[in-house]
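K.L.:
The structure that follows is given in the form of structure tokens.
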């Protein structure tokens, strides 16, 4: 049975769920009327039993009228039950709306997560295409596709290099060429940090080809946000790297804006830079970002984390 709070803007259905007047006003009015009708019928039934002993013997002609209150009560209860089943669950629309809202929020969350995964997937596909071109360097169409992909990811220097190879093979894209020409590197973008990452032979057994190697430059004594990052599969070890403004993570926080920096090389089993393998990390000494010294970073769990 539904309970109605008089003078309130909320009524409750038989499941205890509140139904607002704005969305279920008609239902509240119906249930209020039904409540008073049932209450009146029960009063009539009670009075019929209370008054009956004080009424003279009922003649056969009036016996039917004496049973009228009980008949009204029975019909009222049956009518209430019928009305309830006709109305059904009035909160169904509210539940449906809430479910729709929750579904919409869930889809939005999935879309956001899907967008992040898609971005990572695009980066992986681009890296895979670059690997393919090492085996088939005469594929001009693939070089052109790689240049477009690099440009889409904001890796303009790599896009220019790939486009130059595509042009050498007779493939061109005037719109892409114009876009690359419009992105002129600043003078400060010539700052680069070059080096090589190697893995100690004694540690090779603990590292699989599917692991990920990160080379990260950070401001010495500054915020934890990386200035530049290079990410490669462990299968490419040993490899050389170049850190510059093209590999920056956040606009306005590039190598060219930093003073002293430190460069770290680490290995992750999960692909997450924050979850590196304990001990499989090496860090350079602090140095000026404009210093052109070549870094030699060897990851050796037995030698500590600092490299000269």
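Taken together, the values in this text are just the output of simple stated rules run on the coordinates, not laboratory data. Since this is a predicted model, take the numbers as computed values, not measurements. Note that each Cβ is placed from the backbone with ideal geometry, even for glycine, and that neighbours are counted across all protein chains shown.
K.L.:
Using only the Cα atoms of segment 187-307, what do you get for the radius of gyration and for Dmax, in Å?
P.N.:
Radius of gyration, then largest Cα-Cα span, for segment 187-307: 13.7, 44 Å.
K.L.:
Shifting gears a bit: Applying a 10 Å radius around every beta-carbon, put 162-169, 283-290 in order of their mean neighbour count, most first.
P.N.:
Descending mean neighbour count gives 162-169, 283-290.
K.L.:
How many nm separate the modelled label positions at residue 153 and residue 257, each set 7 Å beyond the Cα in the direction of the Cβ?
P.N.:
It works out to 2.3 nm between the two label points.
K.L.:
What is the spin-label model distance, in nm, from residue 130 to residue 161 if the labels are put 7 Å beyond Cα along the C-beta direction?
P.N.:
Computed distance between label sites residue 130 and residue 161 equals 0.7 nm.
K.L.:
Which length gain, in nm to one decimal place, applies between residue 270 and residue 200 when the Cα-Cα distance is subtracted from 0.36 nm times their residue separation?
P.N.:
Taking residue 270 through residue 200 to full extension adds about 23.1 nm, to one decimal.
K.L.:
Subtract the Cα-Cα distance of residue 294 and residue 169 from 0.36 nm times their separation in residues, and report this length gain in nm to one decimal.
P.N.:
The span from residue 294 to residue 169 would gain 41.7 nm if fully extended.
K.L.:
Still on this structure, I have one more. When only alpha-carbon atoms count, how far does segment 119-182 stretch along each of its three principal axes, as whole angstroms with the largest first?
P.N.:
Largest to smallest, the principal-axis extents are 27, 25, 14 Å.
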